[in-house]
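The values are calculated or read from the model by the stated rules, or taken from the named source; none is laboratory data. Note that this is a predicted model, so its numbers are computed, not measured. Because the Cβ atoms are built from the backbone with ideal geometry, glycine has one as well, and the counts that use them run over all protein chains shown.
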Amino acid sequence: MGKEAQSAEKDRNFVTALARGLEILRCFGPSDDYLGNAELAKRTNIPRPTVSRMTATLTQLGYLRYVERLEKYRLGPGVLDLGYRYLAGEGVRDIARPFMQDLADATDCMVAIAAPNGPWMSYIQVCQGSGPLVLRLTVGSRVPMAGSAVGRAYLAGLSEEDRATHHRLIREHDPDGWPEWEKGLERAYREYEEYGFCTSDGEWNRDISAVGVPLVLDNDSTVIPFNCGGSSLRLSRRILVENLGPRLKELVGQVKEMLQGRDV
C-alpha cells in the first residue's frame with residue numbers, strides 16, 4: 001500500500017470526536033484540579049460550544065465531575081478506573097494473587113485489592129478463605145473510602161496534595177458525616193506512621209474489621225491498596241495489629257519486590 005493510500009486509510013479510521021474528548025481529559029494535571037469550559041476551549045483550541053457538548057458527555061460517562069459551586073469540571077472516577085484497568089493488565093494482580101490466596105487460606109479472611117471510585121473503593125481482585133465467617137464481597141463490591149481499611153490505606157499512600165483532593169470529594173459526598181470520617185482518617189494516618197498499615201475496626205460496618213496496606217510504586221507513585229479482613233466477632237484489635245497487619249505488610253513487600261525484579 002502506498003503512502004497516500006495509507007494516509008487516506010488512517011484518516012478514515014481517525015475519529016475526531018474521540019480525539020477531542022481525550023485532548024480535553026489531558027488538560028487536567030496536578031495543578032489543574034478544576035477547569036471550566038472557557039479554559040478548556042482556550043487550551044485545546046476547540047470551539048467552546050463543542051467543548052460544552054464534550055464535557056457534558058464526559059460527565060455523563062463518569063470521566064468528568066461537574067462542581068456546581070465552581071461551575072467547573074474535575075476528573076471523575078472513570079479516568080481512575082481506566083488507569084487501574086491498565087495497571088491490572090500490566091500484571092500486578094497476577095503477581096499478587098498467589099500471595100493473596102495463601103494469606104486468605106492461612107487466616108480464613110478475605111484478602112483484596114481495590115481501586116478508588118469517587119468517595120468509594122471498588123474491589124478489583126478478591127481472594128477468599130474457606131471459613132463460615134469470611135466476608136463474601138466480590139470483585140466490583142464498593143466500600144467507603146473514608147471508613148474502610150483499604151480506603152484508608154489508599155489515602156495514606158498518597159501525597160498530601162492528592163490526599164487533600166480525595167478529602168474534598170468525601171466531604172462533598174457526605175458533609176454531615178465528614179467530621180467523624182475526618183477523625184477516623186487522622187487516626188488511620190497515625191497508625192500508618194507507627195505500624196505501616198491502617199485499621200478499620202467495625203467503623204463503616206460494625207460486623208467488619210480489617211487492615212490495609214498501600215503498595216506505592218516507585219516509578220510513578222501509583223498507590224495500589226491491599227486489605228485483609230473478616231468478621232469483627234473474631235478479629236479483635238490485637239489480632240489486627242499484632243497478626244494481620246504485619247502479615248499483610250509482608251505480602252505487599254513481596255509483591256513490590258517481584259515487581260521491581262521484573263523491571264530490572
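Structure values in brief
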item: Condition check for SER236: buried (at least 19 other Cβ atoms within 10 Å of the Cβ) and in contact with a strand residue (DSSP E or B) (Cβ under 9 Å, 6 or more places away or on another chain); result: no
item: Check on GLN125, surrounded by 15 or more Cβ atoms within 10 Å (Cβ to Cβ), of a type in the set (S, T, N, Q) and either modelled with pLDDT under 85 or within 21 Å of MET258 (Cα to Cα) (or both); result: yes
item: Any hit, the stretch 64-79, residues being in contact (Cβ under 8 Å) with a residue 40 or more places away in the chain, surrounded by 15 or more Cβ atoms within 10 Å (Cβ to Cβ), out of contact with any Cys (no Cβ under 8 Å at 6 or more places or on another chain) and assigned to a loop (DSSP other than H, G, I, E, B); result: yes
item: Filter result (out of contact with any Lys or Arg (no Cβ under 8 Å at 6 or more places or on another chain) and modelled with pLDDT under 90) within the stretch 47-65; result: GLN60, LEU61, GLY62, TYR63
item: Failed item in (1) surrounded by fewer than 16 Cβ atoms within 10 Å (Cβ to Cβ); (2) modelled with pLDDT under 70; (3) among the small types (Gly, Ala, Ser), with ALA88 passing the rest; result: (1)
item: Selection from the stretch 140-178 of residues that are of a type in the set (D, E, K, R), farther than 19 Å from VAL252 by Cβ and in contact with a strand residue (DSSP E or B) (Cβ under 6 Å, 6 or more places away or on another chain); result: ARG142
item: Residue in the stretch 187-209 that is within 16 Å of the chain's Cα centre (by Cα), touching a residue at least 40 places away in the same chain (Cβ under 8 Å) and part of a loop (DSSP other than H, G, I, E, B) present; result: no
item: Among (1) of a type outside the set (Asp, Glu); (2) in contact with a strand residue (DSSP E or B) (Cβ under 7 Å, 6 or more places away or on another chain); (3) part of a helix (DSSP H, G or I) - the single one TRP181 does not satisfy; result: (2)
item: Tally of residues being at pLDDT below 85 and not in a helix (DSSP H, G or I) across the stretch 1-46; result: 9
item: Positions within the stretch 135-161 being part of a helix (DSSP H, G or I), surrounded by 14 or more Cβ atoms within 10 Å (Cβ to Cβ) and of a type outside the set (Lys, Arg), in sequence order; result: ALA149, VAL150, GLY151, ALA153, TYR154, LEU155, ALA156, GLY157
